[in-house]
1. How many residues, within segment 23-53, are at pLDDT below 90 and either surrounded by 16 or more Cβ atoms within 10 Å (Cβ to Cβ) or out of contact with any strand residue (DSSP E or B) (no Cβ under 7 Å at 6 or more places or on another chain) (or both)?
2. As an exercise: evaluate Val103 against (1) out of contact with any helix residue (DSSP H, G or I) (no Cβ under 6 Å at 6 or more places or on another chain); (2) touching a residue at least 40 places away in the same chain (Cβ under 8 Å); (3) within 21 Å of Phe41 (Cα to Cα); (4) surrounded by 16 or more Cβ atoms within 10 Å (Cβ to Cβ) and give the number of the one condition it does not meet.
3. Given the condition among the small types (Gly, Ala, Ser), out of contact with any Lys or Arg (no Cβ under 9 Å at 6 or more places or on another chain) and within 17 Å of Phe41 (Cβ to Cβ), answer yes or no: does some residue in segment 135-157 qualify?
4. Just checking, which of Phe56, Phe86 is surrounded by 16 or more Cβ atoms within 10 Å (Cβ to Cβ) and farther than 30 Å from Ile39 by Cβ?
5. Go through segment 40-90 and give me each residue that's part of a helix (DSSP H, G or I) and among the polar types (S, T, N, Q).
6. What about Tyr145, is it out of contact with any Cys (no Cβ under 7 Å at 6 or more places or on another chain), hydroxyl-bearing (Ser, Thr, Tyr) and surrounded by fewer than 19 Cβ atoms within 10 Å (Cβ to Cβ)?
7. Out of Ala58, Ala52, I need the residue that is out of contact with any Gly (no Cβ under 7 Å at 6 or more places or on another chain) and either among the hydroxyl-bearing types (Ser, Thr, Tyr) or touching a residue at least 60 places away in the same chain (Cβ under 8 Å) (or both). Which one?
8. Restricting to segment 64-83, name every residue that is without any contact (Cβ under 8 Å) to a residue 60 or more places away in the chain and either of a type in the set (Phe, Trp, Tyr) or surrounded by 14 or more Cβ atoms within 10 Å (Cβ to Cβ) (or both).
Amino acid sequence: MKMIDYKRSKQKKLIMIGGILLAAVAAILIGGDTPLNGIEFLFERPAIEQAAGAYFRAEMEHNLPQVYARLAPSSPYKRAHNYQQFLQDVADSPVRIQTYRIVDIYRFRNNDNKAIYPAVEKLVQVEVDVDIYFQDTGGRNSYNYCFTFLREKGVWYKG
């Protein structure tokens, strides 16, 4: 009886070690700066997708208070423009996002420029396909963009 329990215990440990090694390899392949970043990325990805989706839905709805709120507080634009200035900048824009699709999220990394952006904890690239409608010409086009999203105080924002 004890021999069987010992074998099962040893098998469980081997399976657990194999799982940990597999997770580490997957984390390295995902492409974080370090294996720990890769593992953290697995946990952060849903929050990044949610933040990117919320930003693009706000753009599609032309919900300007939400668009502005989803810009990173430390971004050069937001540091230089208050909400009223933002409204003036976008008031005459004929560009409207009609649809978006997140293509990929990659380059999850640490902030290596703490001197300029001390509040930024992490950065990531979000590649998006967007369909844009131009109100002034009636034209429509599809584009592929890569946006930087960043985490400040645990919250993801568009950079």
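The values are calculated or read from the model by the stated rules, or taken from the named source; none is laboratory data. The shown structure was predicted, so the numbers you read here are calculated from the model rather than taken from an experiment. Virtual Cβ from ideal backbone geometry, glycine too; neighbours counted across all protein chains shown.
1. Residues flagged as at pLDDT below 90 and either surrounded by 16 or more Cβ atoms within 10 Å (Cβ to Cβ) or out of contact with any strand residue (DSSP E or B) (no Cβ under 7 Å at 6 or more places or on another chain) (or both) within segment 23-53 amount to 15.
2. (4)
3. yes
4. After ruling out the rest, the residue left standing is Phe86.
5. Gln50, Gln66, Gln84, Gln85, Gln88 - these are the residues of segment 40-90 that are part of a helix (DSSP H, G or I) and among the polar types (S, T, N, Q).
6. yes
7. Being out of contact with any Gly (no Cβ under 7 Å at 6 or more places or on another chain) and either among the hydroxyl-bearing types (Ser, Thr, Tyr) or touching a residue at least 60 places away in the same chain (Cβ under 8 Å) (or both) holds for just one of Ala58, Ala52, which is Ala52.
8. Residues satisfying the conditions are Leu64, Gln66, Val67, Tyr68, Ala69, Tyr77, Lys78, His81, Tyr83.
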